[in-house]
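The values are calculated or read from the model by the stated rules, or taken from the named source; none is laboratory data. Just so you know, these numbers come straight off a predicted model, no measurement behind them. Note that each Cβ is placed from the backbone with ideal geometry, even for glycine, and that neighbours are counted across all protein chains shown.
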Amino acid sequence: MHPKPILIIPAQVESVFFELLFKTLRKKKFLSPLILICSIKIFTKNAKKFNYKGGVKIIKSKFDQVELNNKNLNIIDVVYKKSKVNKTQIILENKYLYKCFTIGFSLLKNKLTYKFLNGPINKKRFLNKKYLGITEFIAKKFKKKNIGMLIYNNKLSVSPLTTHLPIKLVAQKITKKLIQDKLKLINNFYLKYFRFKPKIAVTGLNPHCESVLSFNEDDEIVSPAIKYAKKNKILAYGPYSADTIFLKQNRKKFDLIVGMYHDQVLSPIKTIYEYDAINVTMGLPFLRVSPDHGPNEKMINKNKSDPNSLIKALEFLDKN
């Protein structure tokens with residue numbers, strides 16, 4: 001059987017993605033055919049800028065698997081219109097990006113593949129405060145509620161229970177059910193894609209898992225949820241103080257650390273591994289990954305960006 005293709009949405013019109021992609025393709029070959037869903041004009045402009053001379057094949061959005069091979073970059077051309085007026089330009093770019101996603105989602109729903117990657121996206125501009133992040137945007141389109149962000153590194157991964165949520169709202173969202181559902185989701189994802197049960201450390205919500213208030217979430221919510229997971233044969237432990245669980249002698253005991261909120265676990269993992277990780281969405285009916293970095297607009301056109309996270313993301317999809 002031929003490997004299923006990888007659908008790729010390069011994301012922002014102006015971003016470091018094409019630079020990273022062309023650097024990746026000079027370093028690596030993938031068995032899975034790569035399909036870019038983007039404007040051929042934008043692609044050609046960037047190919048010229050970064051001196052990419054690989055093969056390119058234009059295909060239709062209703063492609064036949066036989067048409068594809070991994071020797072060329074396959075492109076589904078999406079029309080992109082420009083405007084000299086800044087506000088209009090943002091609207092046009094968002095419409096273009098939304099159409100790219102719509103085509104990708106249609107292909108996924110029709111089971112033409114289960115491998116999906118999107119490049120870095122300016123969430124504030126594209127989502128316009130309608131969703132917490134791209135993870136939630138995609139989940140809503142597929143009517144999935146129990147999803148999870150996994151920042152994956154083969155030595156240590158992390159998963160925040162809440163993602164891009166304002167810090168003052170985090171405590172309201174932390175429930176026993178949320179923790180139990182996420183631990184089950186992580187356990188099942190690891191069993192399916194990595195073929196083993198992960199050892200999971202769970203952080204507390206409060207500093208040192210302590211509180212001067214009469215109600216301590218770590219005693220009343222987090223601990224009972226972990227005990228429930230253990231009864232269901234999930235290797236979950238904690239709660240641990242977030243300020244020490246990432247110390248070398250502590251983190252080496254675990255495959256993954258679950259945190260209560262975004263920066264509680266993403267800040268330390270990026271300090272330890274920088275961008276040697278990928279962003280995976282668990283709980284979707286397909287594999288969705290993205291490089292573990294944002295649009296990095298300050299680095300556009302400098303040709304100095306590191307493709308390591310994109311390489312890891314494509315490798316992950318290629319072997320699954």
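Within segment 297-319, if we keep just the residues that are farther than 18 Å from Phe194 by Cα and touching a Ser or Thr at 6+ places or on another chain (Cβ under 6 Å), the residue that is surrounded by the fewest Cβ atoms within 10 Å (Cβ to Cβ) turns out to be Met299.
Per-residue answers, yes or no, for (1) outside any loop (DSSP other than H, G, I, E, B); (2) of a type outside the set (Gly, Ala, Ser); (3) in contact with a Ser or Thr (Cβ under 8 Å, 6 or more places away or on another chain); (4) closer than 17 Å to Ile226 by Cβ:
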{"residue": "Leu165", "(1), (2), (3), (4)": "no, yes, no, no"}
{"residue": "Lys168", "(1), (2), (3), (4)": "yes, yes, no, no"}
{"residue": "Ala171", "(1), (2), (3), (4)": "yes, no, no, no"}
{"residue": "Ile179", "(1), (2), (3), (4)": "yes, yes, no, yes"}
{"residue": "Leu183", "(1), (2), (3), (4)": "yes, yes, no, yes"}
{"residue": "Asn187", "(1), (2), (3), (4)": "yes, yes, no, yes"}
{"residue": "Lys192", "(1), (2), (3), (4)": "yes, yes, no, no"}
{"residue": "Phe196", "(1), (2), (3), (4)": "no, yes, no, no"}
{"residue": "Leu205", "(1), (2), (3), (4)": "no, yes, no, yes"}
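Would it be correct to say that Phe30 is modelled with pLDDT of 95 or more, touching a Leu at 6+ places or on another chain (Cβ under 9 Å) and assigned to a loop (DSSP other than H, G, I, E, B)?
yes
The residues on offer are Ile278, Ile269, and the sole one that is closer than 27 Å to Lys184 by Cα, of a type in the set (A, V, I, L, M, F, W, C), touching a Lys or Arg at 6+ places or on another chain (Cβ under 6 Å) and buried (at least 20 other Cβ atoms within 10 Å of the Cβ) is Ile278. Within segment 7-27, restricting attention to residues that are outside any helix (DSSP H, G or I) and hydrophobic (A, V, I, L, M, F, W, C), the residue that is nearest to Lys109 (Cα to Cα) is Leu7.
Can you go through Ile42, Ile35, Ile75 and tell me which one is hydrophobic (A, V, I, L, M, F, W, C), touching a residue at least 12 places away in the same chain (Cβ under 8 Å), surrounded by 14 or more Cβ atoms within 10 Å (Cβ to Cβ) and touching a Cys at 6+ places or on another chain (Cβ under 8 Å)? Don't jump to the end; show me each part of the working.
Numbers: Ile42 fails: touching a Cys at 6+ places or on another chain (Cβ under 8 Å); Ile35 fails: touching a Cys at 6+ places or on another chain (Cβ under 8 Å).
Selected residue: Ile75, the only one of Ile42, Ile35, Ile75 that is hydrophobic (A, V, I, L, M, F, W, C), touching a residue at least 12 places away in the same chain (Cβ under 8 Å), surrounded by 14 or more Cβ atoms within 10 Å (Cβ to Cβ) and touching a Cys at 6+ places or on another chain (Cβ under 8 Å).
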